[in-house]
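These notes are about the structure you will find just below.
The values are calculated or read from the model by the stated rules, or taken from the named source; none is laboratory data. Please read these numbers as outputs of a predicted model, since none were measured by experiment. We place every Cβ from the backbone using ideal geometry, glycine too, and count neighbours over all the protein chains shown.
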């Protein structure tokens, strides 16, 4: 299929002898050759997010000799990132991600141009940021940004190489290709805030974004050199647990508000609002369950008060650390509430206080009169009462 | 018709931790009804209060989106795979 993102080769651009040696394994393949490598040299790719997906993406694009790479990320490197964000090393903890990423990529390939944008991507800056680049690669981790990237790409007519992950599952596709679908064709609306589990409940197998990000890099390279069949109109699904790939057909929605025949979205909107209010449920209201702080709980336990500590986390979390509480995972609570004595005062806790708030509300509605929620969960207990309790 | 329904990771907790469920159904609508009858908690994740499928969830029969087939009325044949594909954004936040 003729790809319309092919970068036309300008006669003035050439490869030095060093570059020819560096890219020899590309050059000896007819699918790339000098022509393809020159296209790579002139290509400009913007990577949104340099985290789990951005790591293999940046590395492989730099290795391939993409002439200009832009990296957008406003975060700093955190210890918990190192389980999967392999662009960084332990000494980078605390550094801005774009700085650490640019340094690592320059070490890999000093011949390419790397521009860092240590800024959140917003409706105010997205169009200007994207304009200079040929291809945008979405390596972000939240819904508002995904819709922002999608819409900006459609408005600017630039392809969007999409990849996303959750635990063991990944999705990859290319949106914004001429006559192809966009992200909104697939998912017109985001899930309501709070319905999709947070990192604490979600987690991710570290290598999964490695696989998905590498596939995004492969698709980006194919778009640039104009060879092979890109994932346009195709959603590639990966289940890393079974290591099975499936492919679903994606169609362009003629009624799509952004890329359809009669678009109603002609400029960037407020995406936080789109994801918070357009979602089918109202944003979570503050909990009405009484709370107890870790210090208060400790004081009462030391005093010998008769409190029943209920832990609503999962068994594998209990093994990391626990307060000796009685374990009933939140998902099992409705079935197992009969194990609890409603005459006793129950303090519910989880990791950060969110799940236990839900548990406490459930129990109160079920007639348990004396239930409180441990504010901040076991994380706050570690901070305020006993730092020997590990945080995770 | 015996068909397989594939449960995506974010919803497995509400479907007895299964990654797929075998059931009998002649249409997509019947398959989803059978599924949500078996796993009540799944219902509120798949359907809004007005009974419509949530718009961040897509249903496929084999590799075709039911929105481009006959939606809930899409006929199923023996051995068809019904996939539930929700939007995911991955990672932190």
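Of note:
- Of the criteria (1) surrounded by fewer than 20 Cβ atoms within 10 Å (Cβ to Cβ); (2) at pLDDT 95 or above, which one residue A:348 fails: (1)
- Residue among A:222, A:227 that is in a loop (DSSP other than H, G, I, E, B), at pLDDT 95 or above, more than 16 Å from the chain's Cα centre (by Cα) and under 26 Å from residue B:63 (Cα atoms): A:227
- Residue under evaluation residue A:254, criteria (1) free of Cβ contacts under 8 Å to residues at least 40 places away in the same chain; (2) more than 14 Å from chain B (Cβ to nearest Cβ); (3) assigned to a loop (DSSP other than H, G, I, E, B), criterion not met: (2)
- Matching residues, region B:53-78, being modelled with pLDDT under 90 and more than 9 Å from chain A (Cβ to nearest Cβ): B:53
- Residue match in region A:170-186 (condition: at positive phi and crowded, with 18+ Cβ neighbours inside 10 Å): yes
- Any hit, region A:358-376, residues being within 33 Å of the chain's Cα centre (by Cα), assigned to a loop (DSSP other than H, G, I, E, B) and either closer than 30 Å to residue A:83 by Cβ or at pLDDT below 90 (or both): yes
- Residue in region B:35-43 that is crowded, with 16+ Cβ neighbours inside 10 Å and more than 14 Å from every other protein chain (Cβ to nearest Cβ) present: yes
- The residues of region A:234-251 that are within 10 Å of another protein chain (Cβ to nearest Cβ), crowded, with 16+ Cβ neighbours inside 10 Å, touching a residue at least 12 places away in the same chain (Cβ under 8 Å) and in a strand (DSSP E or B), listed by number, are A:234, A:235, A:237, A:239, A:248.
- Candidate set from region A:188-208 (those that are modelled with pLDDT of 85 or more and buried (at least 21 other Cβ atoms within 10 Å of the Cβ)); member that is nearest to the other protein chains (Cβ to nearest Cβ): A:204
- Of the strands (runs of 3 or more DSSP E) lying entirely inside region B:7-88, those carrying at least 1 residues that are over 27 Å from residue A:185 (Cβ atoms) are B:20-24.
- Of the residues examined, residue A:95 is one that is in contact (Cβ under 8 Å) with a residue 12 or more places away in the chain and surrounded by fewer than 16 Cβ atoms within 10 Å (Cβ to Cβ).
Conditions (1) modelled with pLDDT under 95; (2) within 14 Å of residue B:81 (Cβ to Cβ), marked per residue:
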{"position": "B:4", "(1), (2)": "no, yes"}
{"position": "B:8", "(1), (2)": "yes, yes"}
{"position": "B:13", "(1), (2)": "yes, no"}
{"position": "B:16", "(1), (2)": "yes, no"}
{"position": "B:20", "(1), (2)": "yes, yes"}
{"position": "B:28", "(1), (2)": "no, yes"}
{"position": "B:44", "(1), (2)": "yes, no"}
